[in-house]
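The values are calculated or read from the model by the stated rules, or taken from the named source; none is laboratory data. Note that the structure is a prediction, hence the values are computed from the model and not measured. Neighbour counts are summed over all protein chains in view; Cβ atoms, including those assigned to glycine, are modelled from backbone coordinates with ideal geometry. These accessible areas exclude ligands, DNA and RNA; they are computed on the full protein's heavy atoms, side chains included. Shrake-Rupley method; radii C 1.70, N 1.55, O 1.52, S 1.80 Å.
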Amino acid sequence: MGADQPVALALLTEMSPETVRERNLSAMMTGWYIGALVGVSLYSVFIAWNLSNTLFFLLGAMGIALFIPGRYRLQESHAWQGQHTRMPLLWLIQKHGRSWLFCFVFWLCQTIPVTILMIYAPDLVRSLVGDVNPDVTLGVLYTGFFLGTLPMNRQSFASRPAGVLLLTAIIIAFTLWGLTLSSAMSAPVVIGLVALYAIAYGMQSTLDYVFPNILFPTYCRAYATGTLLSATRLGSLLTLFLFPWMYRNVSITYLLIAGGGIALLGGLILLIKPRKPIES
């Protein structure tokens, strides 16, 4: 999965006309959330009917196997083959350092809060307003992610990634800060704030695919995206290891304030956004 994502993004970028490239990349993220919702729903059925976990994973493997013949017939990008050169990471950073740094900080600021919510959202909501069905919390979260991607499938939204990034970063930050007032809110209001966060994040998450594939030229696009994924996922792993300790020892209010600050920083990073590369 880790190798498949940057390769698929680079391939879709090369296959898409530039006029609809951002929209196609956004639609790919929509597909990710559709798959997530189907997976969560299907697994709930397996649990309810006490079916085997082995069968669940076999169904997933069969679905992947159906697409292998189609992938085998895909042609390599002639533009990529003509420009490809071997390059060390240091060379990539020296030549495209500003683009790489921008994407790295943006992804890292985005992945830290959402990694926590994807894993610990039921616990966080329970600590804010008492006992809430965890399936409801996760259902609201993933449905919000999916709904947020839908506007980005319109070219009018997808062609303005900088504006979308700034708007969603502000909404995400103030949503997380708003949850610090949960003691004066009812459970539906808190769930509503979680839903608003999820929709804003869903819009912003499409930019994970858009920015790297419009900021890096063809000859290093897949390599740059792969190194960014590796670096930012290390941040996700570190967050997962540290958060349980922070959850036990730090006030939930301070954690939410920190999460909002990180999300807002991900929007302010637009100050160093490089220009789009010019390619023939």
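Here are some notes:
- 45, 105, reordered so the largest accessible area comes first (probe 1.4 Å): 45, 105
- Temperature 20 °C, viscosity 1.002 mPa s: under these conditions the Stokes-Einstein estimate for the stretch 113-181, based on its Kirkwood radius over C-alpha pairs, is 157 µm² per second.
- Length added when fully stretched, residue 186-residue 47, from 0.36 nm per residue minus Cα-Cα: 47.0 nm
- Principal semi-axes of the equivalent ellipsoid, √(5λ) from the alpha carbon gyration tensor of the stretch 169-280, are 32, 17, 11 Å from largest down.
- In a simple Cβ point-charge model (Lys, Arg +1; Asp, Glu -1; nothing else charged), the chain has a dipole of about 620 debye relative to its Cα centre.
- Solvent-accessible heavy-atom area per residue, rounded to whole Å², over the chain at 1.4 Å: 54
- Residue 249-residue 170 FRET efficiency (beta carbon distance; Förster radius 25 Å; 0.05 resolution): 0.25
- Helix 53-72 axis, angle to the chain major axis (alpha carbon atoms, nearest 10°): 20
- At R0 = 35 Å, FRET efficiency that the Cβ-Cβ distance of residue 7 and residue 133 yields, to 0.05: 0.35
- On Cα atoms only, tilt of 252-268 relative to the major axis of the chain in degrees: 20
- For the chain, adding -39500 (n - 2.57) for each run of n ≥ 4 DSSP H residues and dividing by the number of residues yields -26500 deg cm²/dmol at 222 nm.
- Compared with the alpha-carbon gap, the fully stretched path from residue 156 to residue 240 is longer by 26.6 nm at 0.36 nm per residue.
- Solvent-accessible area assigned to carbon and sulfur over the chain amounts to 69 percent, based on a 1.4 Å probe.
- Of the listed residues 22, 14, the order by accessible area with a 1.4 Å probe, largest first, is 14, 22.
- Accessible area per residue (1.4 Å probe, heavy atoms of protein chains only) ranks 273, 95 as 95, 273, with the largest value leading.
- Cα-based shape type of the stretch 4-145, given that a ≥ b ≥ c are square roots of the gyration tensor eigenvalues and the cut on a/c is 1.5: oblate
- Trypsin sites (Lys or Arg not before Pro) within the stretch 119-225: DSSP coil, no more than 13 neighbouring Cβ in 10 Å: 154
- Taking 73, 248, 98 as the candidate residues, the one with maximal mean-square fluctuation in a Gaussian network model of the chain, Cα springs under 10 Å, is 73.
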